[in-house]
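In what follows, a single structure is set out as structure tokens and then discussed.
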Amino acid sequence: MEGLLTSKTSLIKSLLLKGWRERWSEVLWGINIKRVLPRGVSGDVYDLSDCILEQALIAPTPNHLFMSYLNHCISSQMVSYGSVLASIAKYQDWSKPQCVHYLLEFLMKYKDRISCHGNEEECIGLSKAVVAILVWLQLALNQSLARLQESKQQTNSGQNQTNVQSLHTSDASQFVAIIERCADFLAFMSSSPFLKALLYVGKLEDHQTFAQFLQIQTDNESKLSMAYNLLPNREPIDAIMSFKQRVEWFESNPAIVASKLMTASADFRSPKPTSYASLNAIIAFDAVLNPASDIQVCVSQILMIAKFNDITPSDLYCEIIRSCLVGLVDASGSLEDPKHNSYLNSWAAFLFLKVPQLFAKLNTINALKGQNNFNKPANSESASDLELGLEKLLTYSPLLDLTDSKSNCDCLQCLLNELSKAELISAAKVEKIMAKRKGDNQYRNLPRTDQQSSTQTGPLLILRAEPTVTSILKTLDSDYSKNQEALFGVLCHMQKSFELILCAAAATGKLQSFTTKLIEFNEFNKQAIGEGGKASQTRALLFDITFLILCTIAQHYGTDIITMNAETKDSFFATWCANNLTEGGTKYRCPDSFTTPLANEANTSFSAGGGGGASTPDIASIQDAGRGQPAPTAGAAGGDQPNTYYKERSTLMANVIKKMFYDLHPRQQSKNKAIISSLSSGLTVKTPLSELMESAFAGAHERSWLDLKTIYNMDTLLCVGGPQWFTDTLIRQVLRFEHSTDLNRAIDLVFGLFHMDIEQCALALVINILPNYLLNESKQEYLSEPKASALIRLTVMTIYVALNEVESGRKSRQPKRMGRKRHYYQEMTAACEPMDTDFKASGGARAAKSMRTDIEQEMLDNTPVAFEYQSVGNGDDGDYKTARQYLLNEPIYKAIVDLLRLLTLIAADHTISQRTLVPILFLEQLILCVKGDSHKILQLMPMNMIACLIKTIPDSLSMEFLLAVSDVQTTRSRKITARMLCQLAKAKAQVTQF
């Protein structure tokens, strides 16, 4: 084969010489060269452009006859533009300025026609040729600047001979012309989206050549800065110096570039809401429903919302604090609910104890990104983003006044003190902010902290409870076998402010440590070890009180905090909790084993008056479950000292049993009850779920924030209706709005509500709800603008957050719901998993799986993730099979793959309908919302989706957008991307012609 190529190349050179001798015309040259080239074979195979340029540039001046032959070959498509550019880039004889200048004129002649109509290899070749020609231009500039400098030095050295001086003048003008032409081509390239896109692909494909360009350009910049006096016009130098800045993709991600261009377009309608209901919802859920959840989860969710809505850091700080203040006011106003103190404590703990930790995390994350001034020293003179946010907060003076009045304290002062303790703000800045706050007339009339010692409420009590938590933890660090009585006294005494202590422990992240230590004490005191008398009784009492405290913690903060803790999952209490303690409205799993100290002491506790509001039938129904087996030794021994902190133990016992009972048998609720139920499974009203949802959503949409009633209502509706119904009903509520402002506010609110269970809501949305709207002809009206963009935006944000939560959970290997209470449907799913596993192990399941193998193998074909793994290991696809198995076994990944395949089918459909624009809307919202991280979803997209869009709606695509949604991480994907860029350029040219 190599010999054949050599012979053909030799024949082409001979034909060129014959044509020159006989002065063939372009037409005659074309006839003869086609006799040499095989039918259907490009001249690039035999280096036709190299052969022509080699003969044309032998002399000091170019041979115009040979160059006319090259023009004919280009026009007849015997050679590609990529091969011509590559051939020009090979010319390095800088001693022939006329030839160099002619080649630059040749480039300018064809600059508008540069394209490729061939296969992927020719298209990627054009991309590499663009990089090569860029290096050649920089070399031409480098040599011309050097020659100009030499010419000037020789002129100034006193060489005044006429012929020499005229020669220098002639050479100088040629070099100036070369510099000007280089500047013209660079200016054209920097304004051509097509060439810039090819340059981006080419720099990744041929990074060595691009590195050479950067090195030469740096050298040229230093020369150009001193060359202003060498050229009669400054414009060429300015064009060359600004080339790198005008080509955005040198430094920026294409997705970010495309996002900026899309938002800058005249017809762009901002989807940003006027208020951030999603941010308020996330904070409310974390403060009220999941107070013991990991703070890192909340940080990640907040950063996602800031990213989607382009919230500035100062605005983010302000909105977080404002949401907490609104929550405090709402909790303080729910006096008709006997649990209002509990709600107030939760919000106070979040604002004063958790928010400083939250801000510290945000500072660290954003300081590492280097995007802003998050990490300014506390004594810095310039204002940090936190200080700017606090100053913006001062504009909400009525809210601050109302919060202070409801809480009976100066909330801003308390928060600033905590931020100062965390070294997030200096004492001087605290005084400055408070001075501005005190300038408000209404502020002077509010009660001050020192005036309300007798009426302290949530904020001040929480601040006092936080050091108590630390003190208790230090006490629990003591030796188990020593100071048993003192420990028992501490645990019983803390029942006076038990709820406050738990709130403070949860907010500061110490609840896990507190629980672990309690379980260790419970395990140590589970059985007697030979001592008698008072020591044995103290051991029994310690077992009982730790058991009751752990029950309370599990009931309020979820059983996962105990059963999924690696240190305590094998303990007695964790085993009992997993088998007996109800959660999410499910029945006790092992009622026969419900024989803990709770069942044995229930009668004594309620008889002593500690039972509170539970009726005799209620108590009997609980006690019936505990009859049949004796209680553990420690629990039975507890009856020997009935008067030792009896009131505290009996009250705690009664509360635990009442909560157990009402979790299984919720109280009847009236329709107009302020809060349906604090139990997510406790829906007992007869109003249809759809009406409850409509009423709750309408109120939240009007306010743009969630009050306590709506928080618990939504939690209950999710639990009772399930994620599928919950998601579908919310989407129906959203699509009722027609105006863009109302739609955007509704989308923001629904996105926040999805965070109650973002993964399940994402699965319901992607697997069932969105495909139903896409494929159901009766629902096509909902795919018109602006509803379609709003629905797709919600889908993109939801699946991206769900994807990140799955990935973060996999990397950290932590339980997904640690510190959160389970819902009924999650309990049912967990209970069914063993049966499902057994079924999958059967022969029938294996047969069904084998039938799906071929289909599943095809699902990721022609996707970037497949190209990535297939490009590693020289063809060994073992890693790809492993990755494919993981992706398709993870529900959220498989759902995204199925959705992208459906969008590809819609893009390929030749029938125009409302859903035709959905694929491009999905990609647009992906770029607008996710920006630089869009590859996490795009890696699962079939590459032919973009090719289908080019055929159907090329006018709606841009080079920047196409490059942003394409994968360029592997050689195979870069070839496909280069070809699609060329196809789009061709399609746009055809549209322009018509």
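On the given criteria, is LEU390 within 20 Å of ALA349 (Cβ to Cβ) and either open to solvent by less than 10 Å² (accessible area, probe 1.4 Å) or free of Cβ contacts under 8 Å to residues at least 12 places away in the same chain (or both)? No, not satisfied.
Do we have SER42 as on the phi < 0 side of the Ramachandran plot, of a type in the set (S, T, N, Q) and in contact with a helix residue (DSSP H, G or I) (Cβ under 7 Å, 6 or more places away or on another chain) here? No: the conditions fail for SER42.
For the stretch 298-313, the tally of residues that are part of a helix (DSSP H, G or I) and either open to solvent by 10 Å² or more (accessible area, probe 1.4 Å) or under 20 Å from ARG793 (Cβ atoms) (or both) stands at 11. From the list PHE543, PHE594, pick out the single residue that is at pLDDT below 85 and in contact with a helix residue (DSSP H, G or I) (Cβ under 7 Å, 6 or more places away or on another chain). Among PHE543, PHE594, only PHE594 is at pLDDT below 85 and in contact with a helix residue (DSSP H, G or I) (Cβ under 7 Å, 6 or more places away or on another chain). Is it the case that some residue within the stretch 104-124 is open to solvent by 20 Å² or more (accessible area, probe 1.4 Å), more than 27 Å from LYS196 (Cβ to Cβ) and within 48 Å of the chain's Cα centre (by Cα)? For the stretch 104-124, residues open to solvent by 20 Å² or more (accessible area, probe 1.4 Å), more than 27 Å from LYS196 (Cβ to Cβ) and within 48 Å of the chain's Cα centre (by Cα): absent.
Checking ALA140, ALA132 one by one, the residue that is under 48 Å from the mean Cα position of the chain (by Cα), open to solvent by less than 50 Å² (accessible area, probe 1.4 Å), in contact (Cβ under 8 Å) with a residue 60 or more places away in the chain and more than 27 Å from SER14 (Cα to Cα) is ALA132 and no other.
The residues in the stretch 952-976 that are more than 26 Å from the chain's Cα centre (by Cα) and modelled with pLDDT of 90 or more can be counted, and the count is 2.
In the stretch 56-67, the condition of being of a type in the set (Ser, Thr, Tyr), in a helix (DSSP H, G or I), open to solvent by 10 Å² or more (accessible area, probe 1.4 Å) and in the same structural domain as TRP20 (by the TED database) is met by no residue. Count of the stretch 240-256 residues, restricted to those that are aliphatic (A, V, I, L, M) and within 20 Å of PHE210 (Cα to Cα), is 3. Close contacts from the stretch 7-32, counting a first residue that is basic (Lys, Arg) and a second that is open to solvent by 60 Å² or more (accessible area, probe 1.4 Å), with Cβ to Cβ under 9 Å and a gap of 6+ residues or different chains, come to LYS8/VAL45; LYS13/GLU54. Taking the listed residues SER49, SER76, SER10, the one that is farther than 24 Å from ILE133 by Cβ, small (Gly, Ala, Ser) and surrounded by 12 or more Cβ atoms within 10 Å (Cβ to Cβ) is SER10, with no other qualifying.
Could you identify the single residue in LEU148, LEU107, LEU134 that is touching a Phe, Trp or Tyr at 6+ places or on another chain (Cβ under 6 Å) and modelled with pLDDT under 85?
One residue alone meets the criteria, LEU148.
Annotation: of all residues in the stretch 418-463 being modelled with pLDDT under 75 and over 30 Å from SER497 (Cβ atoms), the one that is most open to solvent (accessible area, probe 1.4 Å) is ARG444. Residues of the stretch 45-78 that are over 19 Å from LEU104 (Cβ atoms) and of a type in the set (A, V, I, L, M, F, W, C): VAL45, LEU48, CYS51, LEU65, CYS73, MET78.
Pairs needed: first member in the stretch 194-205, assigned by the TED database to the domain that holds LEU962 and in contact (Cβ under 8 Å) with a residue 12 or more places away in the chain; second member anywhere, surrounded by fewer than 22 Cβ atoms within 10 Å (Cβ to Cβ) and part of a helix (DSSP H, G or I); C-beta distance under 9 Å; at least 6 residues apart or different chains. Qualifying pairs under 9 Å: none. Scanning the stretch 905-948 for residues that are among the polar types (S, T, N, Q) and free of Cβ contacts under 8 Å to residues at least 12 places away in the same chain turns up just one, THR911. Taking the residues in the stretch 243-294 that are among the small types (Gly, Ala, Ser), modelled with pLDDT of 85 or more and more than 21 Å from the chain's Cα centre (by Cα) as candidates, determine which candidate is surrounded by the fewest Cβ atoms within 10 Å (Cβ to Cβ). Selected residue: ALA292. LEU730: under 26 Å from the mean Cα position of the chain (by Cα), modelled with pLDDT of 95 or more and within 16 Å of THR798 (Cβ to Cβ), yes or no? For LEU730, the condition - under 26 Å from the mean Cα position of the chain (by Cα), modelled with pLDDT of 95 or more and within 16 Å of THR798 (Cβ to Cβ) - is met.
The criterion of being over 18 Å from the mean Cα position of the chain (by Cα), at pLDDT below 90 and among the polar types (S, T, N, Q) does not hold for THR904.
With respect to the conditions (1) crowded, with 19+ Cβ neighbours inside 10 Å; (2) modelled with pLDDT of 90 or more, THR863 falls short on a single one, namely (2).
The values are calculated or read from the model by the stated rules, or taken from the named source; none is laboratory data. This one's a predicted model, so the numbers in the text were calculated from it and none came from an experiment. Cβ atoms come from the backbone with ideal geometry, glycine included; neighbour counts cover every protein chain shown. Note: accessible area is taken over every heavy atom of the protein model, side chains too, but ligands, DNA and RNA are not part of it. Shrake-Rupley method; radii C 1.70, N 1.55, O 1.52, S 1.80 Å.
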